[in-house]
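A.B. asks: Below you'll find the structure I mean.
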Amino acid sequence: MKAAQLVQFNGEKGVSISEIDKPGVPDDGMLVEVHEAGVNPFDWKIRDAGGMGATLPATLGGDFAGVVTEVGRNVAGFKPGDQVYGMAGFFNGGTGSFAEYDLIDPRTAALTPKSINETEAGALPLAGVMAVQALEEYFRLSEGQKILIQGGAGGIGSIAIQIANSRGAYVAVTCAGDEVDYVKELGADEAIDFRERRFEEVVHDCDAVYDLVGGDVYRRSFQALKPGGIIVSSLEEPDDELTQKHQVKAIYQHFEITAERLGRLAQLVDEGVVRVHVERTFLLDSADEAMTFLETIHPKGKVVIDVK
């Protein structure tokens, strides 16, 4: 089978399209024919610097949508022919989704939402589950509350806006100027062009801040919170000094993809709460180009590799 594999770190030709053997299926595993594979920042970060336990050669990719072809004898709840989506990275017990077939851990998969196509499903898992985890498990937003989403035009932010809006919250978002219309279409009440204005000068008394940017933006975000508010960051560990100064709670998002969260995400999609925006698709042979596009262009929504 064909796979996009990392063959060296920090190299100009570090990613190679290789012919490798199809994985065997253990008793607790499941083999999926991959049709679509979402691209995430960790893919280009592994390519550029290594880490996350990668050993060479390593098939890249985590997000996937496809069809079950074989299940281990201890696997319940799935059968050949099922359309599924989920996470298949080597750090999640899979063999990498930038490949024609992927061995996955069934605990990181669920049936694909019925109301979207496979390209959209392949874009969903990581971004969608992170948004569900933050909005429904950490923030537990209710009607009339106010949230600031930092970096709202990306994959996670795009979905977080929609979930927050569906809960009746006031949604403020930071983004680039050419993304203002996009985030407002998703449900943002207020869009702040970070190149033109400092968000902390215009957004105050938030119940929640979802930080998807990190660095100085994370530290400045404390100024937008009301006492007793909560900030969740996907990139930064809590800053105890700032937490105490502003009398707020800070959480680092320890991301874990589960079948239960994927099922909840599929429910939100099929109910019309969440829709997926795919900015661009690439073929498997152009996996390296797809990662570079995500790294340098910072597209609206998601980038997907069309494997099939």
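None of the figures in this text is laboratory data; all of them are computed from the coordinates on show. Since the model is a prediction, treat every value here as computed from it, not as a measurement. No Cβ is skipped: glycine too gets one built from the backbone with ideal geometry, and neighbour counts run over all protein chains shown.
A.B. asks: Any chance you could run the full-extension gain for His204 through Gln83? It's 0.36 nm times the residue separation minus the Cα-Cα distance, nm to one decimal.
C.D. replies: Values: separation 121, 0.36 × 121 = 43.56 nm, distance 4.44 nm.
This chain segment gains 39.1 nm when fully extended.
A.B. asks: Now for a separate question. Could you pull out the GluC sites (Glu not before Pro) across segment 165-235 that fall in loop regions by DSSP (anything but H, G, I, E, B) with no more than 12 other Cβ atoms inside 10 Å? It would help to have the intermediate numbers written out before the result.
C.D. replies: Values: sites: Glu179, Glu185, Glu190, Glu196, Glu200, Glu201; in loops: Glu196.
Sites meeting the loop and neighbour criteria: Glu196.
A.B. asks: What lysines does Lys308 reach when the alpha-carbon gap must be under 16 Å and sequence neighbours fewer than 8 apart in one chain are set aside?
C.D. replies: The reachable lysines, counting only those whose Cα sits under 16 Å from Lys308, are Lys2, Lys22.
A.B. asks: Still on this structure, I have one more. Which of the lysines could a cross-linker span from Lys146 if the Cα-Cα distance has to be under 17 Å and same-chain partners fewer than 8 positions apart are dropped?
C.D. replies: Answer for Lys146, where 17 Å is the Cα cut-off: Lys184, Lys226, Lys249, listed by chain and number.
A.B. asks: Fully extended, how many nm does the chain gain between Phe42 and Asn74 (0.36 nm per residue separation, minus their Cα-Cα distance)?
C.D. replies: Working: separation 32, 0.36 × 32 = 11.52 nm, distance 3.09 nm.
Gain on extension, Phe42 to Asn74, equals 8.4 nm.
A.B. asks: Dividing the convex hull volume of the alpha carbon atoms of segment 18-135 by its residue count, what do you get in Å³ per residue? List each step's numbers first, then the result.
C.D. replies: Details: hull volume 13.1 nm³, N = 118.
Dividing the Cα hull volume of segment 18-135 by its residue count gives 111 Å³.
A.B. asks: To continue, here is another question. Rounded to two decimals, what ratio of Rg to Rh does segment 127-252 give with C-alpha atoms and a Kirkwood Rh?
C.D. replies: Looking at segment 127-252, the ratio lands at 0.92.
A.B. asks: Distance between the C-alpha centers of segment 277-298 and segment 82-113? Whole Å please.
C.D. replies: That distance is 20 Å.
A.B. asks: Of the DSSP beta bridges with both residues in the chain, give the percent that are antiparallel, rounding to the nearest 5.
C.D. replies: Details: 30 of 58 bridges.
Once the DSSP bridges in the chain are tallied, antiparallel ones form about 50 percent.
A.B. asks: Dipole magnitude of the chain about its Cα centre, charges +1 at Lys/Arg Cβ and -1 at Asp/Glu Cβ only, in debye to the nearest 20? Before the final figure, lay out each step's value.
C.D. replies: Values: 28 positive and 49 negative charges, 79 e Å.
I would put it at about 380 debye.
A.B. asks: With a cap of 14 neighbouring Cβ atoms within 10 Å, and only residues DSSP puts in a loop, list the trypsin sites (Lys or Arg not before Pro) found in segment 43-149. Mind showing how you got there, number by number?
C.D. replies: Numbers: sites: Lys45, Arg47, Arg73, Arg107, Lys114, Arg140, Lys146; in loops: Arg73, Lys114, Arg140.
Sparse-neighbourhood loop trypsin sites (Lys or Arg not before Pro): Arg73, Lys114, Arg140.
A.B. asks: Mind checking the angle between helix 259-270 and the chain's longest principal axis? C-alpha axes, 0 to 90 degrees, to the nearest 10.
C.D. replies: Result, in degrees: 70.
A.B. asks: Further question: Using the alpha-carbon centroid of each, what span in Å lies between segment 216-273 and segment 14-64?
C.D. replies: So the two Cα centres are separated by 28 Å.
A.B. asks: Working out 0.36 nm times the residue gap between Lys184 and Met1, then minus their Cα-Cα distance, what length gain in nm do you get to one decimal?
C.D. replies: Details: separation 183, 0.36 × 183 = 65.88 nm, distance 4.25 nm.
So the extension gain works out to 61.6 nm.
A.B. asks: Cross-link candidates for Lys300: which aspartates and glutamates have Cα within less than 15 Å, leaving aside residues fewer than 8 places away along the same chain?
C.D. replies: List returned: Glu120, Asp178, Glu179, Asp181, Glu185, Asp193, Glu279.
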